[in-house]
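First comes the structure, then the notes that go with it.
The values are calculated or read from the model by the stated rules, or taken from the named source; none is laboratory data. Because the structure is a prediction, the values reported are computed rather than measured. Side chains included, ligands, DNA and RNA excluded: accessible areas come from the protein's heavy atoms. Shrake-Rupley method; radii C 1.70, N 1.55, O 1.52, S 1.80 Å.
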Amino acid sequence: MFHELTVGGVLVSPFVAYAALALAILLVLRPLLRALRFERAFANPPLAEAGIYVCILALLIVLV
C-alpha cells in the first residue's frame, strides 16, 4: 500500500519520493560509471544515464 509523505503539512505523492531516491542512487553510481568508462560505450552518454535513471525508478516502483 502506498502512503503519502507529509512535508510541512503538504502531502507529497509517493512517486516524488521514488524519483528523489532514484536520483540519489544514480548520483552514487556516477563515479562507478565514470571509472568503468561508461561514456565511451555510448554515442550519447547523457541519454544513456537518463535511461539508467528510468530503469532505477521503475525498479523502485515495482519492488517497493
| task | Among residues belonging to segment 1-18 that are aromatic (Phe, Trp, Tyr) and assigned to a helix (DSSP H, G or I), point out the one that is modelled with the highest pLDDT. | result | TYR18
| request: Inspect segment 19-39 for any residue being open to solvent by 90 Å² or more (accessible area, probe 1.4 Å), under 26 Å from GLU4 (Cα atoms) and at pLDDT below 95 and give the result as yes or no. | output: no
